[in-house]
């Protein structure tokens, strides 16, 4: 279904083979709609190889990489017209300035000439690089270059973003800023497919997760479904309270709330609650805790749960 | 947050327009790069060296006639300037996209690889042409100094044109080897060895020793750049038999490509290497 309004990326039996080594093996994965999907897997699992096949950096040995229903390898220009990508850490020609490098991308992507200057300045401001706009890129650090790469994805309002470990090379502040940019893009009808080694990053930003190992897809689902399916049917939330809580309240009331499997106190003001169900249950549980007036000041799904699932799934394939 | 948000749908330019975009920015990169400055300095040094030697020693070969001057000056050195320009601007044009990772910035966009390749080729050719023209201007300025503006022979116009065609063929060869490798050092090294030594060695082996016309060697075809400045035009084949004692002789054969033959060799090299380089780049993977 070419040119659908719903952004879609699809791998159909996508395979990449180097001699006898199979980097990606018959990958079938369809992602559609405005959302953020984390792409997880250990080193050498085939994450970057998959993203490269979606961006014409490498060719599939067999199978198809489709973007909005268009095959990247037979009709690259049409397929990538709605895509912005950062694969590994791209380099801009060192004698060019960010303004020139970004102008090149904007012109290639057909941004109207009258808008290029404004869009570049806004995109560069977004990544806090305005003061470097007219300095040559050759003198930039890796982190500064990566910020410019992030800016390049903001120029043409693409409906799909393919990001390969986008926070690589950035300092903690830069990582946080990139996450905020990605989060904000999620709400603007963008499909974001992002590989990462950082499970906490994926938990924080993404709605869904696809896990791959040895070139094969292990699972693709919402984060809450994945964690409930592969972690003994329970999700885990960590709750922080303003005041110490009576231990009896934990065992007699909180542990007996609907869908709660267990509740334990890790210290006077912190709880870990295991529950069965998805996001709706998670929302209702928060609401119940707030109604109990126990001083909830923080409530978040524990990333360690995703980590547990990840480690279990990866271990099974070793 | 995202102030860059827009509802407009961008129309991706045609592939030909994208060649122009690729060319514009890579030319900017070339002109600002250190390599352009180094090539400029080398060209000025060669020109300065010849200017000083001719002015100081006044060699007969240079000053006996206007045609002799251009033949000795231009015919002697321009192919070297052309080969250096090809190596400097084309030697790592494509391999650098892999090694320096600049390809990761451009390729994942709605642009054909061929548009990037052709854009880069044209920009490298234009950068090299600017060096080539500077050298031609210095040659003409010296020629006018010694023989006046009326002493500029019409053959020099042809030679200039043939040299420019040769530059295109050299650039084709450089781009071809640049496409074969992902490492800039290897691609530059192979181009240097072939253009500066390899072709000449093959040519010498085939013509001088075996007596076979090296019609398949680019530098042999480029001989027309200097030959056109000779009057009369060199014979297609000159056999020299030199006695080396004890009733033994050494026979050497020198071939001179005719103008149509030279143009054909240059043209075929340009077309074949440029297309082959493009085909290799189209299939090359960023692994």
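General observations
- Taking max minus min of the alpha-carbon positions on each principal axis, region A:231-317 gives extents of 45, 24, 20 Å, largest first.
- With the simple model of a label 7 Å out from the Cα in the direction of the Cβ, residue B:112 to residue B:161 spans 3.1 nm.
- Calculated P(r) of region B:15-283 - Cα pairs past 30 Å, %: 36 percent
- Summarising the overall dimensions of region A:64-118 from its C-alpha atoms, the Rg and Dmax are 13.5, 38 angstrom.
- Selected from B:109, B:66, B:183 as most flexible by GNM, with chain B as the system and alpha-carbon contacts under 10 Å: B:109
- GNM on chain A, alpha-carbon springs under 10 angstrom: the most fluctuating residue among A:159, A:287, A:61 is A:287.
- Reported to the nearest whole Å, the Cα centre-to-centre distance from region B:212-287 to region A:269-302 is 82.
- GNM result for chain A, Cα springs below 10 Å: residue of A:93, A:299, A:18 fluctuating most strongly: A:18
- Contact order for region B:15-283, expressed relative to its length and based on alpha carbon pairs under 8 Å spaced 6+ residues apart, stands at 24 percent.
- Compactness of region B:13-138 as Cα Rg over 2.2 N^0.38 Å, two decimals: 1.34
- Residue by residue along A:177-184, Cβ atoms of other protein chains within 10 Å of the local Cβ number 1 on average.
- Per-peptide average of other Cβ atoms within 10 Å, ordering B:122-129, A:268-275 highest first: B:122-129, A:268-275
- Counts of other chain beta carbons within 10 angstrom of each beta carbon in peptide A:111-119 average 2.
- Full extension of the segment from residue A:117 to residue A:280, taken as 0.36 nm per residue of separation minus the current Cα-Cα distance, would add 54.2 nm.
- Fully extended contour minus Cα-Cα distance, from residue A:243 to residue A:176, at 0.36 nm per residue: 21.2 nm
- Label zone at residue B:251 (point 7 Å along Cα-to-Cβ), backbone N below 20 Å, region B:188-216: B:203-215
- Each Cα pair under 8 Å and six or more residues apart adds its sequence gap; the mean of these over the residue count of region A:75-173 is a relative contact order of 44 percent.
- Most simply put, region A:160-262 has about 55% antiparallel DSSP beta bridges, counting only bridges with both residues inside it.
- In the frame of its principal axes, the protein assembly as shown has Cα extents of 117, 51, 43 Å, reported largest first.
- Residue order, fewest to most beta carbons within 10 Å, for B:121, B:73, A:132: A:132, B:73, B:121
- Note on residue B:52 and residue B:196: with the Förster distance fixed at 41 Å, the Cβ-Cβ geometry gives a FRET efficiency of about 0.95.
- For the protein assembly as shown, the antiparallel share of DSSP beta bridges with both residues in that region comes to about 70%.
- Shown for B:50, A:154, A:40: other C-beta atoms within 10 Å of each C-beta, ranked fewest to most, produce the order B:50, A:154, A:40.
- Translational diffusion of region A:8-222, µm² s⁻¹ [Kirkwood Rh, Cα pairs; Stokes-Einstein; 10 °C; 1.306 mPa s]: 91 µm²/s
- Where a label projected 7 Å from the Cα of residue A:75 along Cα→Cβ would reach, residues of region A:172-197 with amide N under 19 Å: none
- Per residue of B:15-26, other chain Cβ atoms within 10 Å of the residue Cβ number 3 on average.
- Working from label points 7 Å from Cα in the Cα-to-Cβ sense, the residue A:197 to residue B:60 distance is 7.4 nm.
- Rel. contact order, % - alpha carbon contacts under 8 angstrom, at least six apart, region A:8-222: 31 percent
- Reported to the nearest whole Å, the Cα centre-to-centre distance from region B:56-71 to region A:1-78 is 66.
No lab work stands behind these numbers, since they all come straight from the coordinates. What you see is a predicted model, and the numbers here were worked out from it, not measured in a lab. Cβ: placed from backbone, ideal geometry, glycine included. Neighbour counts: every protein chain shown.
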